[in-house]
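K.L.:
First the structure, then my questions, so here it is.
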Amino acid sequence: MIADSTKQRLDELVARYPEKRSALIPILHEVQAEVGYLSPEAIQWVAGYLGLSPADVMSVASFYDMLNLEPVGRHMIYVCHNLSCSLLGAERLIRHLEERLGIRVGETTPDGLITLKRMECLASCGTAPAIQVDGVYYERMTIQKLDELLAKLRDGRLGRSRT
Amino acid sequence: MAFEKILTRYQDIPNYTGTIEDYLAQGGYQALPKALREFQPAQLVEEVKKSGLRGRGGAGFPCGVKWGFIPKDPSRPKYLVCNCDESEPGTFKDRMLIEQDPHQLIEGIVISSYAIGCHLAFIYCRGEFVEGARRLERALAEAYRQGYLGENILGSGFDLDLYVHRGAGAYICGEETGLLESLEGKRGQPRVKPPFPAIAGLYRSPTVVNNVETLCNVPHIVLRGADWYASIGPPKSTGPRLFSVSGHVERPGNYELPMSVTLRELIFEHAGGIRNGRRLKAVIPGGSSAPVLTEQHLDLRMDFESLAAAGSMGGSGGVIVMDDTVCMVRVGEIVSRFYHHESCGQCTQCREGTAWLHKVLSRIERGQGRKEDLEVLLDMCDNMKGKTICVLSDAAAMPIESYLKYFRDEFEAHIRERACPFAGQGTF
Amino acid sequence: MPTLKIDGVEVTVPANTSILEAAKSVGIEIPHYCYHPGLSVVGQCRLCQVEVEKMPKLATACNTPVADGMVVFTRAPKVEKARRAVLEFYLLNHPLDCPICDKGGECPLQDFTLKYGPGESRFVEEKLQRAKHRILGPHIVFDAERCILCTRCVRFCREIPKSGELGVFSRGDRSEINLFPGKALDNAYSGNVIDLCPVGALTSREYRFRSRPWDLERHAESVCPLCSAGCNVLLDVRHRQGGEELLRIRPRENPAVNRWWMCDEGRFTFQYLADPARLRVPTWREGDRPVAMDYDDLLLRLARAIRRVGEAHGASAIGCIASSRLTNEELFLLRRFFREILGTPHLDFRIRPVQAEPTDASEDGILRRTDKTANSRGARDLDILPGPEGLDVAGMLQAASAGRLKALFVFEEDLVGERPDRPGCGAPGRGVREALGRLELLVASSLFATGTTALAHVVLPALGFAEKEGSFTNFQGRIQKIHRALTPDLASRSLPEALRDLARDLGRDLGPIEPERIWAAIGERPGPYQGLAWKDIGPLGLLPAP
């Protein structure tokens, strides 16, 4: 399930910490990037790798917003909906994205290309409204900029970056 | 007279990209050899105490005092963890500091580690800061290469390993013990205190957790002296502070200023005033956990004491400005939605209270409020404050109380008119 | 030792005692949910907050250590308001389905709400909907809507059996206790989460909907008979027109033995007591067929048969294989009957390899032990062992095989067959059938028909542990009482009664058969129990001085 090269990276991560378990969240990031999401099998693999119970690992993974326990699209759009971004039109962006993608927040387009999620403050309030796509910030967003971005995602001009 | 930028002086250097070459060219990594050569660790702690540097993450605790709590026993490992989990809504200074000038932070961490006798330190970086983490990693590699990290730093005999540790999306990990739990590979649930991290922190060992901006101040204190530092700003809130100004201002952004600056100067001089010539309605001075202030507070100084005296707090320095198109019930709904989403769920009052607050405020905003809701809200806030393991519950309750204190008529109007009177206005 | 004042009551407790435990020690209740003395302290439920003089905020009593001179108020107005608030918060999303909840009547959420909670709800929003009756494992069913996230169950699984099946998933008010997909809550101690759960979220699949707590009229203190650990238990019995029913076994706290826990095997193995297949009347085999007889007539006939063997072959042609499932009192009487009244030296109980000292060991480092009988230690302490020139179990079987042993009594052991599902049955038996077949007189007592009873001339129905008064001595040497929870069948006779009557028919006096009077005799004999009396054995047992 996990490539040898990845496993080597995980071994390096583990070696950084006085206690092995500390590497859990960095490892979950790596495994998620490799598998696409944290499937039960992936969780079980990580549990075995670190010598933890699968329930324990699941309990940790489910605590964090960026760790996906369900399959997600190829691209992940997070829209900040906290106060500063809302003051400058975040809800309008969300409505627009929902219309253009034909999905609701939390859903993935039927072609599996894009998952749309709301996100709490991304620390981009000075350049609000902000969104994050595959880990990359897009700030001072407008409807027009959103449409350009969606077009790029659709025709593959934006590769998926590792988050 | 323009204030001399200290933490953000790179902003005035053309083509500054934050590489180690750039940092060295503008005089970086001069504090570190000075600290290692001229100071015993205990002297550094004293120097930072003397500087009056207070934590820039939210609580404003004196940094040197925090360091002083670390036991001197050399046999126990000690850890320094840089809190780069910047998540307080309205705050975006740490992200800037790590993306624009990562070596300033690294230098601060190495000096601070030396001061407390730590040989393994971590930068706990918010998971969403993908780019920030990448730049930090790059900077760490540069620093290792040039001997500012690793074994026998600059021939001093002092060793330090420093790693970036990425979180994965949870506001509560900004709370220092939640952060330590997360760093130990657990759910980021804050710990019962005492024991405080200085006694039993990471791996139950003495640990200092300092905010990014706090640590960035350290090289400057070493280089220019505690007296110089203490001369900046009011006596109890010394040094420069980064104010993140956002919302309805002409020029949102980070402003590095002494804390003697008034709210009025910050908003109207530095940030260019209210957008589109509108009126100021409300301002949150220290991140969304801080109680709201209004026009009447504009001449307050932005130091910890003055803001506390006005019933609010300096918090994380996130200043959110709202003009007169803003519905305060909607603000309450958004802010309470945030705490509802972010409560870790271990304490009853917080888990249930944040959700209940959000539901009631949403209902009022939808025009389905009941007369008795406001008293229920206030009582609920009272029940949530000061009774939980960490202060997220307080942080959720205090702003709502303040909205009700200054804008009660708006809440009543929603209930009376069975609708939001601001519907259709602005972009909100 | 610090001295403090709690609600005006002066208390002196060891340093590091929590306020909660200090209050408990003087009978002051501080309500709490997440705290449990057997688990790590997390301080999450926030219900146990009390006011402490000079502390700015309320303090959680569970994790605040006492200090000398501390002044604590558990009923201050601030405390009462905080409690009311916590209980109100708990009930926001709680389904309030007490009328159909198994926990109703013995539910700390109900009890504390009644005592300290708000009378009415101010919550008008929609309640969260969550999973109902989700089967978690062989014994446990979960109702997530009732759960108050105290995490006792999660901590139990992590800290006691260390199996870690449960976790809190998600966060905030979306938090839910659950299993990893495809896993079950099936550790050997899973039933303890039922007792730990302070609400009706985790209930017993066996006990569910079978009774109301207020209908359980008797809670007999007893000891689990299924291994040598001697876990202290309560036997919950309901009286109905159909008779008494044992509905539930729960652990009874004993810090020196089982603390608060017991294993699932002990908790859920008791249906056999109500099994219609139990032997109810004594029988005498006529040809191949056991024929029921009046107890008195049977004992008279048995006495004659014993006398015949004794007269023809001497007392040493008689042997007795006792069981370490029997109580100390039964064993003492057996010894008196066989060694003193009949005068045979052939007496033993060690039919399992594990009973030969010192192979009894912990099975899992928790409670379960490898000796699956309750009273090997008692049998050894009471010298249920071969006398001078006496034969052990193997020796008696060899002697039977060789025709030297003519009469053998086997009490509550099956030397022939294997019935692992029924306690009281199950032992190896190579060549045993042949040996037993050569006996002139084989007497067996048993709960159920077994391979041994099938060969026996005389079969006496035995009583289960829940039907007896007496004591067991656990592996530590701790003597612990068992009390009768169920009234034995009228047709049956207890072993002491049967022995007394048999002795009488032999023209001898067995002596008293009531436990306290038996102990008067035990206490007179040299040995580990010398000087002890029945009344010395308290609810937590008695560990004789070495």
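Each reported figure results from applying straightforward, stated rules to the coordinates on display, with no laboratory input. These figures come from a predicted structure and were not determined experimentally. Reconstructed Cβ throughout: ideal geometry from the backbone, glycine too, with neighbour counts over all protein chains shown.
K.L.:
Restricting things to Cα coordinates, could you compute the convex hull volume per residue of the stretch B:17-59 in Å³? Working shown, then result.
P.N.:
Details: hull volume 4.7 nm³, N = 43.
Enclosed volume per residue, from the Cα hull, is 109 Å³.
K.L.:
What are the extents of the Cα atoms of the stretch B:1-136 along their three principal axes, in Å, largest first?
P.N.:
The Cα atoms of the stretch B:1-136 stretch 44, 32, 32 Å along the principal axes, largest first.
K.L.:
Could I ask something else about it? Compute the distance from the alpha-carbon center of the stretch A:108-139 to that of the stretch C:476-546, in whole Å.
P.N.:
Here the answer is 77 Å between Cα centres.
K.L.:
Still on this structure, please answer the following. Add +1 for every Lys or Arg and -1 for every Asp or Glu among the other residues with Cβ under 9 Å from the Cβ of C:PRO515, and state the total.
P.N.:
Counting the neighbours of C:PRO515, the net charge comes to -2.
K.L.:
Mind listing P(r) for the stretch C:226-309? All alpha-carbon pairs, 5 Å bins, whole percents.
P.N.:
Going out from 0 Å in 5 Å bins, the stretch C:226-309 shows 3, 11, 14, 14, 11, 10, 11, 12, 9, 5, 1 percent.
K.L.:
Okay, moving on. Jot down the radius of gyration and Dmax of chain C, Cα atoms only, both in angstrom.
P.N.:
27.6, 90
K.L.:
While we're here: For the stretch C:58-200, what does the alpha-carbon gyration tensor say about shape, rounded, prolate or oblate, given a ≥ b ≥ c as the root eigenvalues, a/c under 1.5 as rounded, and a/b over b/c as prolate?
P.N.:
oblate
K.L.:
Right, here's the next one. Shielding of B:124-133 by partners, i.e. mean partner chain Cβ atoms within 10 Å per residue? The partial results should precede the final answer.
P.N.:
Details: counts 1, 0, 3, 9, 14, 4, 10, 5, 2, 2.
Partner Cβ neighbours, averaged per residue: 5.
K.L.:
Would you order C:VAL354, C:VAL52 from fewest to most other beta-carbon atoms within 10 Å of each residue's own beta-carbon?
P.N.:
Fewest-to-most Cβ neighbours within 10 Å comes out as C:VAL354, C:VAL52.
K.L.:
To continue, here is another question. With no solvent and one equal point scatterer per Cα, compute the Debye intensity ratio I(q)/I(0) for the stretch C:8-77 at 0.11, 0.23, 0.25 Å⁻¹ and report its log10, rounded to two decimals.
P.N.:
-0.22, -1.05, -1.25
K.L.:
So, one more: Given a Förster distance of 45 angstrom, what is the FRET efficiency for C:VAL124 paired with C:ASP364, based on the Cβ-Cβ distance and rounded to 0.05?
P.N.:
0.35
K.L.:
Once the dipole of the protein assembly as shown is set up with Lys and Arg at +1 and Asp and Glu at -1 on Cβ about the Cα centre, which of B:LEU266, A:ILE94, A:VAL31 lies farthest towards its positive end?
P.N.:
So the residue furthest toward the plus end is A:VAL31.
K.L.:
Could you work out how far the C-alpha centroid of the stretch B:1-60 sits from that of the stretch C:435-466, in angstrom?
P.N.:
90
K.L.:
Can you give the Rg and Dmax of the stretch B:196-250 based on its C-alpha atoms, in angstrom?
P.N.:
Over the stretch B:196-250's Cα set, Rg and Dmax evaluate to 15.7, 47 Å.
K.L.:
Now for a different question. Can you say what percent of the DSSP beta bridges in the protein assembly as shown, counting only those with both residues inside, are antiparallel? Round to 5.
P.N.:
Details: 69 of 113 bridges.
The antiparallel fraction comes to roughly 60 percent.
K.L.:
Note the per residue figure in Å³ for the convex hull of the C-alpha positions in the protein assembly as shown. Present the calculation step by step, with values, prior to reporting the outcome.
P.N.:
Numbers: hull volume 237.2 nm³, N = 1137.
Per residue, the Cα convex hull of the protein assembly as shown comes to 209 Å³.
K.L.:
Can you pull the one-decimal nm distance between simple spin-label points at B:LEU298 and B:ALA419, each 7 Å off the Cα toward Cβ?
P.N.:
Inter-label distance under the simple model: 3.2 nm.
K.L.:
What residues of the stretch B:395-423 lie in the reach of a label at B:LYS371, counting those whose backbone N is under 14 Å from a point 7 Å from the Cα along Cα→Cβ?
P.N.:
B:412-413, B:415-417
K.L.:
Could you tell me which residue out of B:SER182, B:PHE61, B:TYR124 lies farthest along the dipole of chain B toward its positive end? Charges go on the beta carbon: Lys and Arg +1, Asp and Glu -1, centred on the Cα centre.
P.N.:
Value computed over the given set: B:SER182.
K.L.:
If you place +1 on the Cβ of every Lys and Arg, -1 on the Cβ of every Asp and Glu, and leave all else neutral, what size is the dipole of chain B about its Cα centre, to the nearest 20 Debye?
P.N.:
Dipole size: approximately 540 debye.
K.L.:
Further question: Assign one of three labels to the stretch C:383-526, namely rounded, prolate or oblate, based on the Cα gyration tensor with a ≥ b ≥ c the square roots of its eigenvalues; rounded applies when a/c is under 1.5, prolate when it is not and a/b is larger than b/c, and oblate otherwise.
P.N.:
prolate
K.L.:
With each pseudo-label sitting 7 Å past Cα toward Cβ, what's the C:VAL9-B:ASP159 distance in nm, one decimal?
P.N.:
Placing both labels 7 Å beyond Cα along the Cβ direction yields 5.7 nm.
K.L.:
Measure out, as a whole number of angstrom, how far apart the alpha-carbon centroids of the stretch C:158-175 and the stretch C:1-64 sit.
P.N.:
Cα centroid of the stretch C:158-175 versus Cα centroid of the stretch C:1-64: 26 Å apart.
K.L.:
Rounded to whole Å and sorted largest first, list the principal axis extents of the Cα atoms in the stretch A:1-127.
P.N.:
46, 33, 26
K.L.:
Next question, about the same structure. Which pairs break 21 Å Cα to Cα here: B:LYS193/C:LYS127; B:LYS387/C:LYS81; B:LYS359/B:LYS385?
P.N.:
B:LYS193/C:LYS127
K.L.:
Now for a separate question. Extending each Cα 7 Å along its Cβ direction at C:GLU516 and A:ARG16, get the distance between those two points in nm, one decimal.
P.N.:
Inter-label distance under the simple model: 7.2 nm.
K.L.:
Here is a further query. Going by a ≥ b ≥ c, the root eigenvalues of the Cα gyration tensor, does the stretch C:298-386 fall in the rounded group (a/c under 1.5), the prolate group (a/b larger than b/c) or the oblate group?
P.N.:
Working: a/c = 3.07, a/b = 2.58, b/c = 1.19.
The shape class here is prolate.
K.L.:
Still on this structure: If N is the number of residues in chain B, what value comes out of its Cα radius of gyration divided by 2.2 N^0.38 Å?
P.N.:
Cα-based Rg divided by the globular estimate yields 1.00.
K.L.:
If you place +1 on the Cβ of every Lys and Arg and -1 on the Cβ of every Asp and Glu, how big does the dipole about the Cα centre of chain C come out, in debye to the nearest 20?
P.N.:
740
K.L.:
Same structure, new question: Full-extension gain between C:THR487 and C:ALA277, please, as 0.36 nm times their residue separation minus the C-alpha to C-alpha distance.
P.N.:
The span from C:THR487 to C:ALA277 would gain 73.8 nm if fully extended.
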